[in-house]
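Let me begin by presenting the structure, written as structure tokens, before commenting on it.
The values are calculated or read from the model by the stated rules, or taken from the named source; none is laboratory data. Note that the coordinates shown come from a computational prediction; the quantities given were computed from them, not determined experimentally. For neighbour counting, all protein chains shown are included, and Cβ atoms are generated from backbone atoms with ideal geometry for every residue, glycine included. Keep in mind that these areas ignore ligands, DNA and RNA; they rest on the heavy atoms of the full protein, side chains included. Shrake-Rupley method; radii C 1.70, N 1.55, O 1.52, S 1.80 Å.
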Amino acid sequence: MTSSNSPAAVLFADLGLPQPLLQSLSELGYEKPSPIQAASIPILMEGRDLLGQAQTGTGKTAAFALPMLTNLDPKKKHPQLLVLAPTRELAIQVAEAFQRYSRNMGFSVLPIYGGQSYTNQLKQLKRGAQIIVGTPGRVMDHINRGTLVLKDLEALVLDEADEMLRMGFIDDVEWILKHTPESRQIALFSATMPKEIKKVATTYLNNPEHVKIETKTTTASTIRQRYSLVNNNQKLHAFARVLEVEDFDAVIVFVRTKLATVDVAEKLSARGYRCQALNGDIPQNQREQVIDKMKRNKLDILVATDVAARGLDIERISHVVNFDIPLDTESYIHRIGRTGRAGRQGEAILFVTPRERRLLNAIERATNSPMETMEIPSANDINKKRATDFKELIKTTIDKSDLEKFHQLVSEFMQEGDHAPETIAAALAYIAQSNKPLFEAETEFKPPKREFDRNDRNDRGRGRSSRDGNRDSRDNNRDRGKRKKGPHKAEDMRTYRIQVGRNDGIKPGNIVGAIANEADLDSKNIGHIKINDDHSTVDLPKTMPKAMVKKLQKAYVCGKPMGLSES
Ligand code: AMP
């Protein structure tokens, strides 16, 4: 077992990756491998099988994509690598990641998933796709139709294997495994290792190396840790609001890439903050100048990557903001250690997107302390704070400034007209806002729709890793036939017949997985399922659009045409 308990000290260049890949990584602004990458890349590059325990957000896609791309041959035009993913969203994301990483290499990458027209997929398969990323049902169909030929497959990746198990795809996965050459390399990634996944690993993997990232558990008690659930595109807005109401001295903001340091720093500067980016591309002497400016109170916000902030010791840092959640918990501990120094109280704030919630759980476990939730301040909170600050400014101006000439001016104005002193003061306050309005409009900050289910955060044996918020509730309902019923009434549902039954080895999970993927229907909308010997029935909403029904009529389940018809 290879396990890592410290942030990887290696660089991508130390891992023997070829130049075109290093170039893509540099273009993407990646500075260093995440722990799962540092541990997995050398093993997979050697051609060995791997069993990796990692969740979404740890960088696991690059952990298999980079070594696999290193070993594949762009000149061979047949399918060389197959990645199986539980959902179409994940298949698309993984395919996009392969495209990004291989953009200087010239591979053809093809996502194939349910719900998409066969014609297009067939055309692209014929053209000679080299890397196929697909959901199990569709991949099986193409193998059955002879349109996907895996006889020369070099490698296979099972991504989010526990998720595939939960969605009822495990039999399909095994079927596909049996249709690949014995010589292929296999990488199996799973957030948790239920016994069914372990069984697949022992049956099909050849003396695999185990990779699991372990974490240590130390955070200073002088640091208050809070998190907020936000969408990616809300982060800047949320952060700006937090900055307005927090009493901060200096802030270090952590982002994932060099590009993001520049982007976020520019946007904060445009909002009037004294802010600078700090990343691995900044030469040492300039870095020292930036740090010095921060120490001397000439700069208030640094936007940094993990690498750039290593060893940073600035007492003034009152807040660490994890704008992007770190790829590993150890980095989180390092990051927040930049505050709460010299016995002072420190504040750590973390932005979490819905799909990263498992990483939040992992951090809470590693630090052994649940985090407080933090509400993003409302416009009302901000306006109250601005009013208080403004009153304070008036008070100090009265106390400390020479106002004689201004007194005269105001007296003159009062004699010339018929205005109450409050009206004059209000007009002056209005003028004083110049081009930054004192009061923010009451626009509501809408947090992501799907809130955390606190019960789901214990992570006990479930270990799913959501790819997007939409799947959260769907997956909760997907435990191999033990789905919770959705909020549907019998009169709102229609019973459909599926021409695949017990004799074909079908289970409720297969039906749920196929319908959810093919029609992109949330599983809570899938009602009662009955399995008979030669057919099955499933209740679906009467309001289901015709286009969805049509898609399902052409869909396959357990390698057989579903043949959906009204019962
Ligand atoms: P994954 O766990 O594969 O879904 O990756 C999570 C996110 O981290 C994705 O947005 C990746 O683009 C990003 N990422 C992966 N590896 C790195 C790295 N070494 N440095 C910075 N970002 C990364």
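Can you name the residue in region 392-447 that is of a type in the set (D, E, K, R) and closer than 30 Å to residue 229 by Cβ and, of all such residues, is least open to solvent (accessible area, probe 1.4 Å)?
If we take residues in region 392-447 being of a type in the set (D, E, K, R) and closer than 30 Å to residue 229 by Cβ, then 440 is least open to solvent (accessible area, probe 1.4 Å).
So for region 32-44 (the condition being over 22 Å from residue 367 (Cα atoms), more than 9 Å from the ligand (Cβ to nearest atom), surrounded by fewer than 23 Cβ atoms within 10 Å (Cβ to Cβ) and touching a residue at least 24 places away in the same chain (Cβ under 8 Å)), does at least one residue qualify?
Yes, region 32-44 has at least one match.
Note down all Cβ pairs under 6 Å where the first residue falls in region 174-192 and is farther than 20 Å from residue 211 by Cβ and in contact (Cβ under 8 Å) with a residue 60 or more places away in the chain, the second is assigned to a loop (DSSP other than H, G, I, E, B) and open to solvent by less than 30 Å² (accessible area, probe 1.4 Å), and they're at least six residues apart or on different chains.
Short answer, once both residue conditions are applied: 180/150; 180/153.
Restricting attention to region 49-98, report how many residues are open to solvent by 30 Å² or more (accessible area, probe 1.4 Å), within 13 Å of the ligand (Cβ to nearest atom) and touching a Pro at 6+ places or on another chain (Cβ under 7 Å).
Qualifying residue count for the region: 1.
When you look at residue 306, is it more than 16 Å from the ligand (Cβ to nearest atom) and of a type outside the set (A, V, I, L, M), yes or no? Spell out the reasoning first.
Values: more than 16 Å from the ligand (Cβ to nearest atom): no; of a type outside the set (A, V, I, L, M): yes.
Criteria not met by residue 306.
This table checks each residue for (1) within 20 Å of residue 331 (Cβ to Cβ); (2) free of Cβ contacts under 8 Å to residues at least 24 places away in the same chain; (3) within 21 Å of the chain's Cα centre (by Cα).
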site	(1), (2), (3)
239	yes, no, yes
243	no, no, no
252	yes, no, no
266	no, yes, no
278	yes, no, no
283	no, yes, no
292	no, yes, no
